[in-house]
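These notes concern the structure reproduced below.
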There are 2 protein chains.
Amino acid sequence: MHQLKFERIPRATISRLAVYVQELEVMEQQGIKVISSEKLAQLCGVNPSQIRKDLAYFGEFGVRGVGYYVHELREAIRQSLGLDRTWNVVLVGVGNLGRALLRHNLLRKRGFVIVAAFDCDPFKIGEEIAGLEVNCTSKLPKSTRDMNVEIGIITTPPERAQRAANYLMEGGIKGIVNFAPSRISTPENISVEYVDFINHMFSVAFNITQKQIRGLL
Amino acid sequence: MHQLKFERIPRATISRLAVYVQELEVMEQQGIKVISSEKLAQLCGVNPSQIRKDLAYFGEFGVRGVGYYVHELREAIRQSLGLDRTWNVVLVGVGNLGRALLRHNLLRKRGFVIVAAFDCDPFKIGEEIAGLEVNCTSKLPKSTRDMNVEIGIITTPPERAQRAANYLMEGGIKGIVNFAPSRISTPENISVEYVDFINHMFSVAFNITQKQIRGLL
DNA sequence: CTGCCATTGTTAAAAAATTCACTATGCATC
DNA sequence: GATGCATAGTGAATTTTTTAACAATGGCAG
């Protein structure tokens with residue numbers, strides 16, 4: 001019998017669960033009803049044990065000898081991750097990336113609703129993007145409190161990321177996703193995630209270089 | 001005396017090195033000449049030993065009793081990562097995100113030059129964005145070979161990511177950075193990185209939920 | 001209802017990554 | 001030139017994560 005665990009759940013597990021959800025969704029669309037950890041692992045590029053272990057942190061979702069029911073598993077993971085609800089989000093920094101996110105429908109599809117956008121550039125304030133009017137950043141703290149916002153997205157230039165974070169915290173936000181390529185400092189109780197695509201460019205560049213070097217040996 | 005190591009370098013090390021470079025750049029702009037692993041660690045939110053170990057994979061860059069010379073260290077890391085050159089890049093999928101990346105100047109600043117953009121939507125073909133004309137994806141393989149492109153960025157919808165990847169591979173590309181939320185399958189010799197911001201949204205949502213649950217106990 | 005098969009859940013082992021603790025060494029001071 | 005101090009580099013210990021192996025069990029066939 002499974003019992004609730006209070007083990008710390010590895011970060012990597014969470015990000016793999018997100019991948020599983022994605023793949024399960026695709027399968028569901030394709031009409032696949034049942035999947036084994038073996039097959040799912042193959043699709044996600046991980047080890048089957050890994051999947052079973054990841055899921056074990058949250059409960060028993062499979063049927064021995066059969067596998068996992070696709071829809072059921074997807075729902076179970078979504079619930080485990082706290083995605084069976086909507087989250088109000090605000091965005092700070094209406095540059096290229098900010099605009100792209102405002103117009104991106106995947107966020108909404110996943111339950112993240114951007115309810116306000118802020119920028120400190122007077123030329124941008126008042127502009128309407130994807131049905132939202134850009135507001136002055138100074139109004140952020142009050143707005144987020146009024147609108148019950150829990151998550152902030154930072155898409156400012158790096159040098160303004162910390163200031164954006166401060167406004168967000170003043171507004172009582174609990175989590176920040178920072179797209180700016182700079183670290184921000186926050187108290188322990190705020191969870192911060194960095195989306196650092198340059199980082200990934202670096203990794204690819206490095207891997208290619210390495211392969212070339214190895215190839216020469 | 002340090003000697004070249006052929007140990008496998010952890011992925012996490014690479015992504016931390018990218019962070020170090022960022023922070024070192026900021027320091028350099030602020031006129032800071034020397035930094036200790038202790039201080040740098042604090043800024044990057046990691047352990048000082050971690051920094052020293054990460055650097056040790058590539059060489060000895062510090063001065064005992066003093067620390068690291070900021071400019072020198074930054075250059076050393078850039079060189080170690082293979083960033084002391086420019087990389088030709090193509091982008092597939094000119095949606096919101098694709099456009100944002102095309103207009104984003106950080107890529108170029110880091111030596112990643114987007115030399116062509118592709119999309120399969122006839123309405124987008126011919127459009128000019130950030131000085132680049134959008135081309136039909138069918139032309140991709142020839143173009144990338146002609147232009148000596150090594151890295152491809154995928155910003156298509158998830159269901160078209162694999163197709164984009166196939167075109168890129170046909171074009172002889174060596175690395176892919178996939179912004180679409182779907183896994184792609186590639187042979188071993190292609191290095192693939194996933195930039196999955198939804199993933200990070202999930203993580204933040206999960207962390208907030210967890211804290212609330214713990215708070216109730 | 002019994003027994004077999006497939007596949008999960010779980011425990012143990014292995015591998016990898018991180019942190020600690022200490023050694024080595026460059027610089028500054030006297 | 002010797003001494004002390006600060007901090008890098010490094011090997012060992014610890015912790016974390018991943019993988020492997022296997023025991024448990026639900027479903028299905030007969």
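Criterion first (without any contact (Cβ under 8 Å) to a residue 60 or more places away in the chain and either open to solvent by less than 20 Å² (accessible area, probe 1.4 Å) or touching a Cys at 6+ places or on another chain (Cβ under 6 Å) (or both)) does B:Phe206 satisfy it?
Yes.
Mind listing whichever residues of the range A:84-99 are open to solvent by less than 10 Å² (accessible area, probe 1.4 Å), at the interface with another protein chain (Cβ under 9 Å from one of its Cβ atoms) and more than 19 Å from A:Met147 (Cα to Cα)?
Correct list: A:Gly98 only.
Answer with yes or no whether A:Arg108 is more than 10 Å from every other protein chain (Cβ to nearest Cβ), buried (at least 20 other Cβ atoms within 10 Å of the Cβ), more than 15 Å from DNA strand D (Cβ to nearest atom) and among the basic types (Lys, Arg).
Spelling it out, it is not the case that A:Arg108 is more than 10 Å from every other protein chain (Cβ to nearest Cβ), buried (at least 20 other Cβ atoms within 10 Å of the Cβ), more than 15 Å from DNA strand D (Cβ to nearest atom) and among the basic types (Lys, Arg).
Looking only at the range A:13-43, which residues are within 20 Å of A:Leu83 (Cα to Cα) and either outside the structural domain of A:Ile77 (by TED's automatic domain parsing) or touching a residue at least 24 places away in the same chain (Cβ under 8 Å) (or both)?
A:Thr13, A:Ile14, A:Arg16, A:Leu17, A:Ala18, A:Val19, A:Tyr20, A:Val21, A:Leu24, A:Glu25, A:Met27, A:Glu28, listed by residue number.
Could you check how many residues of the range A:148-187 are open to solvent by 10 Å² or more (accessible area, probe 1.4 Å), among the polar types (S, T, N, Q) and either part of a helix (DSSP H, G or I) or touching a Phe, Trp or Tyr at 6+ places or on another chain (Cβ under 6 Å) (or both)?
3
Being at pLDDT below 95 and more than 8 Å from every other protein chain (Cβ to nearest Cβ) narrows it down to one of B:Gly171, B:Gly215, so name that one.
B:Gly215
Return yes or no: is A:Ala12 within 14 Å of DNA strand C (Cβ to nearest atom) and part of a helix (DSSP H, G or I)?
yes
Please determine, by comparing only the residues of the range A:61-98 that are closer than 29 Å to B:Thr186 by Cβ and among the basic types (Lys, Arg), which one is nearest to DNA strand C (Cβ to nearest atom).
Applying the filter and picking the extreme gives A:Arg74.
How about the range A:15-60: which of its residues are open to solvent by 60 Å² or more (accessible area, probe 1.4 Å), within 11 Å of DNA strand C (Cβ to nearest atom) and either within 11 Å of chain B (Cβ to nearest Cβ) or among the polar types (S, T, N, Q) (or both)?
Residues satisfying the conditions are A:Asn47, A:Ser49, A:Gln50.
If I ask for residues that are closer than 27 Å to B:Phe179 by Cβ, of a type in the set (Asp, Glu) and free of Cβ contacts under 8 Å to residues at least 24 places away in the same chain, which ones from the range A:97-152 would you list?
A:Glu128
Filter the range A:188-203 for residues that are touching a His at 6+ places or on another chain (Cβ under 9 Å) and open to solvent by 30 Å² or more (accessible area, probe 1.4 Å) and give the result.
The one that is touching a His at 6+ places or on another chain (Cβ under 9 Å) and open to solvent by 30 Å² or more (accessible area, probe 1.4 Å): A:Tyr194.
The values are calculated or read from the model by the stated rules, or taken from the named source; none is laboratory data. None of these values were measured; they are calculated from a predicted model. Glycine also receives a Cβ, built like all others from the backbone with ideal geometry; neighbour counts cover every protein chain displayed. Accessible surface areas use protein heavy atoms only, side chains included; no ligands, DNA or RNA. Shrake-Rupley method; radii C 1.70, N 1.55, O 1.52, S 1.80 Å.
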